[in-house]
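Chemist: Please find one structure pasted underneath; my questions will follow.
The values are calculated or read from the model by the stated rules, or taken from the named source; none is laboratory data. Since the model is a prediction, treat every value here as computed from it, not as a measurement. Don't worry about glycine lacking a Cβ; one is built from the backbone with ideal geometry, like all the others, and counts go over all protein chains shown. All accessible areas refer to the heavy atoms of the entire protein, side chains included, with ligands and DNA or RNA removed. Shrake-Rupley method; radii C 1.70, N 1.55, O 1.52, S 1.80 Å.
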Amino acid sequence: PRGDSFDERLLHWIAEHRVDSLTSFTRHLMHLGDVMWLVWTVAAVAVLGVVYLRAWRAGAALGVAFFAGGFVAGLLKGVIERNRPAFPDALVQIGGYAMPSSHAAFTMAMAVALLVVVSWTSRRILVLAAAGLGLVLLTVGLSMIYLGAHWATDVLAGWTLGAVIGGAVGLVFKPRTRSTGAGMES
């Protein structure tokens with residue numbers, strides 16, 4: 001028997017309205033993380049970008065946000081112990097617990113940390129960066145829900161956790177500006 005929760009109703013509705021082309025796209029997107037040469041290439045490009053731009057704080061913030069988001073999400077999964085969606089509505093079966101989504105947590109943590117730590121040259125560039133990162137986050141999160149790898153609330157919890165972690169990490173690594181004022185020592 002089907003449950004009556006928001007998550008169950010949403011996944012059942014998605015399952016009834018899946019489209020072959022979108023299913024193919026989301027499956028390919030999910031498997032990108034399995035292609036180790038791609039993962040290492042992206043990591044190498046990121047490291048080269050940090051070195052080339054001398055963006056040490058941003059690089060450190062991204063690394064800490066990535067690991068902290070995944071670590072804390074993993075700890076919470078062990079406490080919450082929520083099962084993942086099951087067949088027939090779920091197209092994929094992934095091991096481990098579902099809540100919160102680790103992918104949603106570490107991707108959001110990295111995005112927010114980057115937005116906070118970087119000294120953007122203009123508000124327009126900040127908005128464009130936030131929009132681009134938001135599009136990536138939505139694509140990844142909605143794909144996990146579409147495939148049934150996660151419940152919608154798993155992804156929302158992961159995004160929330162990631163935003164908090166990313167904000168904290170970004171503030172820790174954000175360069176401090178010195179103000180000069182009367183009575184203040186330099």
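Chemist: Report the residue count in the range 53-98 for those that are over 30 Å from residue 119 (Cβ atoms), crowded, with 19+ Cβ neighbours inside 10 Å and either over 19 Å from the mean Cα position of the chain (by Cα) or β-branched (Val, Ile, Thr) (or both).
Modeler: Adding up the residues that qualify gives 1.
Chemist: Let me ask you something else. Can residue 137 be described as of a type outside the set (Val, Ile, Thr) and loosely packed, with under 14 Cβ neighbours inside 10 Å?
Modeler: Values: of a type outside the set (Val, Ile, Thr): yes; loosely packed, with under 14 Cβ neighbours inside 10 Å: no.
So residue 137 fails the test.
Chemist: Go through the range 146-169 and report how many residues are under 18 Å from residue 73 (Cβ atoms) and open to solvent by less than 20 Å² (accessible area, probe 1.4 Å). Give the derivation first.
Modeler: Residues of the range 146-169 that are under 18 Å from residue 73 (Cβ atoms), as a first pass: 149-169.
Pick out the ones that are also open to solvent by less than 20 Å² (accessible area, probe 1.4 Å) and you get 149-150, 152, 154-155, 158, 162, 166-167, 169.
Residues in the range 146-169 being under 18 Å from residue 73 (Cβ atoms) and open to solvent by less than 20 Å² (accessible area, probe 1.4 Å): 10 in total.
Chemist: Suppose we keep only residues that are open to solvent by 20 Å² or more (accessible area, probe 1.4 Å) and not polar (S, T, N, Q) within the range 99-111. Which one would you say is farthest from residue 18 (Cα to Cα)? Steps first, answer last, please.
Modeler: First, pick out the residues of the range 99-111 that are open to solvent by 20 Å² or more (accessible area, probe 1.4 Å): 99, 102-103, 106-108, 110.
Adding the requirement that they be not polar (S, T, N, Q) leaves 99, 103, 106, 108, 110.
Values: 99: 24, 103: 22, 106: 27, 108: 26, 110: 30 Å.
My answer is 110.
Chemist: Whether any residue in the range 112-130 is within 26 Å of residue 28 (Cα to Cα), surrounded by 17 or more Cβ atoms within 10 Å (Cβ to Cβ), under 15 Å from the mean Cα position of the chain (by Cα) and at pLDDT 90 or above is what I want to check.
Modeler: Yes - at least one qualifying residue is present in the range 112-130.
Chemist: Here's something else I'd like to know. Regarding residue 27, is this residue under 21 Å from residue 137 (Cα atoms), open to solvent by 60 Å² or more (accessible area, probe 1.4 Å) and among the basic types (Lys, Arg)?
Modeler: Values: under 21 Å from residue 137 (Cα atoms): yes; open to solvent by 60 Å² or more (accessible area, probe 1.4 Å): yes; among the basic types (Lys, Arg): yes.
Judged against the criteria, residue 27 is a match.
Chemist: Suppose we filter 32, 22 for residues that are touching a residue at least 60 places away in the same chain (Cβ under 8 Å), assigned to a helix (DSSP H, G or I), among the aliphatic types (A, V, I, L, M) and open to solvent by 50 Å² or more (accessible area, probe 1.4 Å); which single one remains?
Modeler: Values: 32 fails: touching a residue at least 60 places away in the same chain (Cβ under 8 Å).
Checking each option against the conditions leaves just 22.
Chemist: I've got another one for you. Only one residue in 129, 163, 113 is touching a residue at least 60 places away in the same chain (Cβ under 8 Å), aliphatic (A, V, I, L, M), touching a helix residue (DSSP H, G or I) at 6+ places or on another chain (Cβ under 7 Å) and part of a helix (DSSP H, G or I), so which one is that?
Modeler: Just a single option satisfies the conditions, and that option is 113.
Chemist: Going through the range 170-186 one residue at a time, which ones are open to solvent by 20 Å² or more (accessible area, probe 1.4 Å) and either part of a helix (DSSP H, G or I) or modelled with pLDDT of 95 or more (or both)?
Modeler: Of all residues in the range 170-186, those open to solvent by 20 Å² or more (accessible area, probe 1.4 Å) come to 171-186.
Passing the criteria: 171, 172, 173.
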